[in-house]
1. Where the accessible area of the chain is counted over protein heavy atoms with a 1.4 Å probe, how much of it, in %, is carbon and sulfur?
2. Between Glu232 and Arg76, what is the FRET efficiency for a Förster distance of 51 Å, r being their Cβ-Cβ separation, to the nearest 0.05?
3. Is the shape of the chain rounded, prolate or oblate, going by the alpha carbon gyration tensor and its root eigenvalues a ≥ b ≥ c, with a/c under 1.5 for rounded and a/b larger than b/c for prolate?
4. Report the local net charge at Asp140: Lys and Arg +1, Asp and Glu -1, summed over other residues whose C-beta lies under 13 Å from its C-beta.
5. Cross-link candidates for Lys85: which lysines have Cα within less than 25 Å, leaving aside residues fewer than 8 places away along the same chain?
6. Along the Cα→Cβ direction, 7 angstrom out, place labels at Tyr190 and Met151. What is the inter-label distance in nm?
7. Per residue of segment 87-95, in order, report the coupling 6.51 cos²θ - 1.76 cosθ + 1.60 (Karplus, θ = phi - 60°) as ³J(HN,Hα) in whole Hz, putting x for Gly and Pro.
8. Residue by residue through segment 164-172, which ³J(HN,Hα) values in whole Hz follow from phi under the Karplus form 6.51 cos²θ - 1.76 cosθ + 1.60 (θ = phi - 60°), with glycine and proline marked x?
Amino acid sequence: MNTYWSDSIALHSDHCDSLKRCRLSSLLGWMQRAADADIARLGIPIEELMEQEMAWMLTTLDLELDRMPRYGDVLRIETWHKGEKGVQWLRDFRIYDENEAIIGQARTTWVLVNLAKRRILRASALPYEVPATSGESLGDIPAKVQIPEQMKLNEAFTYTVRHHDMDMNGHMNNTIFASLSLDTLEDEPYRAELSRFRITYHQEAKLRDVFSIYQSYDEANKQCWVRGRSSEGMIHFEAELTLRS
């Protein structure tokens, strides 16, 4: 199987929240690192790609967790490229604990972007071959997050994009949106375990952009919907969090 096996990742205090659980942003960051390493293993260093003003950007993620890693755990992340469908690049992930038990998995879609023009490129624009792993898939393409029209969302807070939010692609890193989604939770639901996190990125956020975070929490179903929207009505992201009862 044509996969990339990540190095072991030990969870230290700076990776964890006040409940000694792995921060969602840390986990997503390691998944990003594993994806970069897999691409490099296939002969496409990220630095070389950026020299050609190209980058992959995450568009939709569907992460399922049997448990959230905790302080002291040692993880291993496995990822592989599944091929392309139109302009979408498909990638799956598995997350293992130190006993080689699977504690999480994710399906993701990405797009190849011209960084100078901020434009989505066709797969054929990439001057490299990216072989797909055949016969290995965690399921269908993850569905985009669509908040039900009847869902009443309340403004939780406003956010201004700052320098520490920015990544090498010149916009707010995707992991920050995950942190903002969790920040909408009140204390009691925040203490519950996250069993699933879905997010779709609609529009990148740049330095000093200001947008509002809207949220609706369904106590009965332990489900939270989150949307980031600018005052002009531009939607940056939509997310769905499912908590374990």
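The values are calculated or read from the model by the stated rules, or taken from the named source; none is laboratory data. Owing to the predicted nature of the structure, the values given are computational and were not obtained by experimental measurement. Heads up, the Cβs are rebuilt from the backbone with ideal geometry, glycines too, and the neighbour counts pull from every protein chain shown. Surface areas here come from the heavy atoms of the whole protein model, side chains and all, with no ligands, DNA or RNA. Shrake-Rupley method; radii C 1.70, N 1.55, O 1.52, S 1.80 Å.
1. Details: 5610 of 12220 Å².
Solvent-exposed carbon and sulfur of the chain make up 46 percent of the total.
2. Values: r = 43 Å, r/R0 = 0.85.
Step by step, r from the Cβ atoms, then E = 0.75.
3. Details: a/c = 1.63, a/b = 1.17, b/c = 1.39.
Since a/c reaches 1.5 but b/c is at least a/b, the shape of the chain is classed as oblate.
4. Numbers: positive: Lys82, Lys85, Arg107, Lys144; negative: Asp62, Asp92.
Net charge in that neighbourhood comes out at +2.
5. Within the straight-line limit of under 25 Å, Lys85 reaches these lysines: Lys117, Lys144.
6. Here the modelled spin labels are 2.1 nm apart.
7. My calculation for segment 87-95 gives 8, 8, 9, 9, 9, 10, 9, 10, 10 Hz in order.
8. 6, 7, 7, 10, 5, 7, x, 8, 5
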